[in-house]
1. Cα axis of helix B:12-23 to longest principal axis of chain B: angle in degrees, 0 to 90, nearest 10?
2. Quick check: the distance between the Cα centres of the stretch A:336-399 and the stretch B:213-240, to the nearest angstrom?
3. What number results when the radius of gyration of the stretch A:175-319, computed over Cα atoms, is divided by 2.2 N^0.38 Å?
4. Looking only at other chains, what is the average number of their beta-carbon atoms within 10 angstrom of each beta-carbon in B:422-431?
5. Given +1 on the Cβ of Lys and Arg, -1 on the Cβ of Asp and Glu, and no further charges, what dipole in debye does the stretch A:126-263 carry about its Cα centre, rounded to the nearest 20?
6. Using the Cα centre of the stretch A:252-340 as the reference point, and only Cβ charges (+1 on K/R, -1 on D/E), how large is the resulting charge dipole? Debye, rounded to the nearest 20.
7. Could you work out the Rg to Rh ratio of the stretch B:312-444, with Rh taken as the Kirkwood radius (inverse of the mean 1/r over all Cα pairs)?
8. Leaving out ligands and nucleic acids, note down the accessible area per residue over chain A with a 1.4 angstrom probe, in whole Å².
Protein chains: 2
Amino acid sequence: MTNPYTYAKANQERFLEEYQELLRIRTISTQPRHADDVARAAEWLRAMMLRIGMDSAEVILMPEGRCPLVLGEWRGAGAGAPTVLIYCHYDVQPAEVADGWDTEPFEPTIKDGRLYCRGAVDSKLHVMANLKAVESWLAADEKPKVNIKVVLEGEEESGSENINAFIARHPERLAADIAVISDGAILAPEQPSLTYGLRGVTALELHVSAPVSDLHSGHWGGSVHNPIQALSEILAQLHDENGTVTVPGFYDDVEPVTAQDRALLEKVEPYMQAEWNDVVDAPAVWGEAEYILPERLGARPTLEINGIHGGYAGPGMKTVLPARAFAKITCRLVPRQDPDRALNCVVEHIKRIAPETVKVDFQFGGMGAAAVLLDVDGPAMSAAAAAYTYAWGVEPVFERAGGSVPITFECMKVAKEVVIMSYGLKSGRAHGPNENVYLGNFYKGIQSTIKFIDVVGEGLA
Amino acid sequence: MTNPYTYAKANQERFLEEYQELLRIRTISTQPRHADDVARAAEWLRAMMLRIGMDSAEVILMPEGRCPLVLGEWRGAGAGAPTVLIYCHYDVQPAEVADGWDTEPFEPTIKDGRLYCRGAVDSKLHVMANLKAVESWLAADEKPKVNIKVVLEGEEESGSENINAFIARHPERLAADIAVISDGAILAPEQPSLTYGLRGVTALELHVSAPVSDLHSGHWGGSVHNPIQALSEILAQLHDENGTVTVPGFYDDVEPVTAQDRALLEKVEPYMQAEWNDVVDAPAVWGEAEYILPERLGARPTLEINGIHGGYAGPGMKTVLPARAFAKITCRLVPRQDPDRALNCVVEHIKRIAPETVKVDFQFGGMGAAAVLLDVDGPAMSAAAAAYTYAWGVEPVFERAGGSVPITFECMKVAKEVVIMSYGLKSGRAHGPNENVYLGNFYKGIQSTIKFIDVVGEGLA
């Protein structure tokens, strides 16, 4: 008798090897030169879906050669059975050794129970944990009582524009009773958590220019508003001393933090603070004094500068007064904030405060997603809680995540219920150097997804 | 009968070819990977000095393999004759096509009477105009009535540390009656000018850090003082709305602008404004309202941000909350400001205003030079005025330059008089893309140096 739980345990070693094979492919969706790598990974994933016994698997090409979707289906539970859609993304952020990596960013390296690699936690962990859970079910004697769709996105890190358009055009392809968004992090290796809120995101680039070309800072300094200085002056006016965003209208639609939120999030606070001490370890916590840490990170919007550049930043000195400087900015949004409206508030504010001695221009990256609030008491969330309790032996707590999983909002259009199941850790350094996964989470994640399919199949069949 | 003036005119074409040959050598002193290019140029210059008839020429190696000096001497006027020392620098600023060049930065390109190349105006123009003037004298039947030393520096663009130390150790090697600092720009192609003041310079790098490594801006944004934001907040506090530097003590020792300065500089103002309109062309003139443009550029100190970098500045977005950000800063100084004291004022101010939520660190580039004021009515200045009047057919006006020629201060220690003779134009875009020289200035510069040697030889013999 083979059952999915024992099958998964018996095949851990092979699962880990396959996971590393996927990690080696540089699926950087934000850099067009890696388009071939992304396409190769898509084909690799499609082949795996067929190998593990799914009925169909397709690489769905996106417009303009952008990173494709991979969509697999198993329909063996029959037309009357409910459908579970599992979403993950297989693209990753850029990574270079120079950013501070201790190992080659795209060569998986295992040390002290952790596997280091770009994408290890964000989000090939979820891709592989879920595919291996499906494999375990399809290899078992007793088949799942739910139909299964797995959709793997290739451009989550660069705006998800195409999957959103795909869902709008073909809602039936991803239609499901429950959509599982599998991405993100739990609170601690031994304390699973369920995310009932996600922040949205919107992005812009601000360009400031003054002289028509780079100048000698000795010859002309004192007679022209240095674009780096002007940019700094603008950026410095976007927050007050409390860390509150000063953009007029930015908070107009913000959903207030409720008493239920505060009660749930206070349970999370000690874990968050411990994680902050470990991962962030800045000289002091910063931000809105009237909110506790999990609220600042999950229930309050932010305006963050992700990059800045101007003039000469190489070795040595160059006494240049540069023609231009720019900053990349993202805002994290909370429920009821409209991404376009929030973006527009920021743009209009910057235009208002920009000095007349410089020109300002904007570029928009197409990154836009609304925040999400899920029903803590719904049946999908209850099934997920049961799954974590089985795999970890501990009941999950409920939190609101600071990151954005734009697809959640889209999945809410095609699925009756949505639940977010995360198997990473915040200490996994997603987007940073030395990104890593706690390997225990990989194996527990597989068991958790197996159990989720089990519970949903029993409960909704 | 060969005389130096006609010899120079007869050999213009060859002089131009040799000038272009020197321009092709990438003598970027701020980038260690170009050390071999700098050494090759030094050897090329030494060989030329011997070829044109100087008595000796030496490449003087500097400590730690840094860019060498080239020192040539002609002693034919005899022990009783005065000595003229001519100083130029042959190193250049970095340059990349990506900075906005219309041509290859190190391939000389002639168009509409201008020669485009990195170093064309700053300062291989001066190196070649002076060497070719010396060649013309030594090829003439009647020899100069002054002894001549030519010193060519290889690290003016990266701090001049070694030449200063060399002069301190061997003052006799550069000792002279008159030192000619040949660098910089005149007001207009048809309006020569003599510089009677130069700003000094001091430099620092400011590093701001907060989290121990780059973080996911969604996961952690709102709980940590973003180093780019904190850096911007610090930089934004270094000037007030008038463009005045807000650093306490910065203006304490500043020599006030006198009535004579105002009278001389008002003559320069229309040229400066025209040049500003042409070269700078920002939306509006900026800076201290109570000073006219030539005063802002020559007689007032500045604090300029030459470069800034933090986070992700490549293509696409990266939702990173960076661990650190930095800015490169230089201050231009005016007479009586001590470079170390001014630098210290800036450092102490930044430490005072830096928020406790971040760490600040400083790096110092070794770039430090005091400002210089020269005697408008001295004999060397009069000889220089006569030289310009001969070569251009127009009397020069007197100005104060915004740039720094640190060597001027050092030469004042070893020469009885110092004069600055510039043959470039501000429209030559020194330090910027599309640096160029107005070729008429190259030929007039040669005639001017020939005449200067003539006048000094007749007057002081």
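The values are calculated or read from the model by the stated rules, or taken from the named source; none is laboratory data. From a predicted model like this one, the values you see are computed outputs, not experimental measurements. Because the Cβ atoms are built from the backbone with ideal geometry, glycine has one as well, and the counts that use them run over all protein chains shown. What goes into the accessible areas is simple: the full protein's heavy atoms, side chains included, and nothing from ligands, DNA or RNA. Shrake-Rupley method; radii C 1.70, N 1.55, O 1.52, S 1.80 Å.
1. 30 degrees
2. Taking the Cα centre of the stretch B:213-240 as reference, the centre of the stretch A:336-399 is 20 Å away.
3. Details: Rg = 21.1 Å, N = 145, 2.2 N^0.38 = 14.6 Å.
Working it through for the stretch A:175-319, the quotient is 1.45.
4. Details: counts 0, 0, 1, 0, 4, 0, 2, 5, 6, 12.
Taking all residues of B:422-431 together, the mean is 3.
5. Working: 8 positive and 21 negative charges, 75 e Å.
In total the dipole reaches around 360 debye.
6. Numbers: 9 positive and 15 negative charges, 123 e Å.
Taking the Cα centre of the stretch A:252-340 as origin, the dipole is about 600 debye.
7. Numbers: Rg = 21.4 Å, Rh = 19.3 Å.
That ratio equals 1.11.
8. On the way: 15580 Å² over 461 residues.
Heavy-atom accessible area per residue stands at 34 Å².
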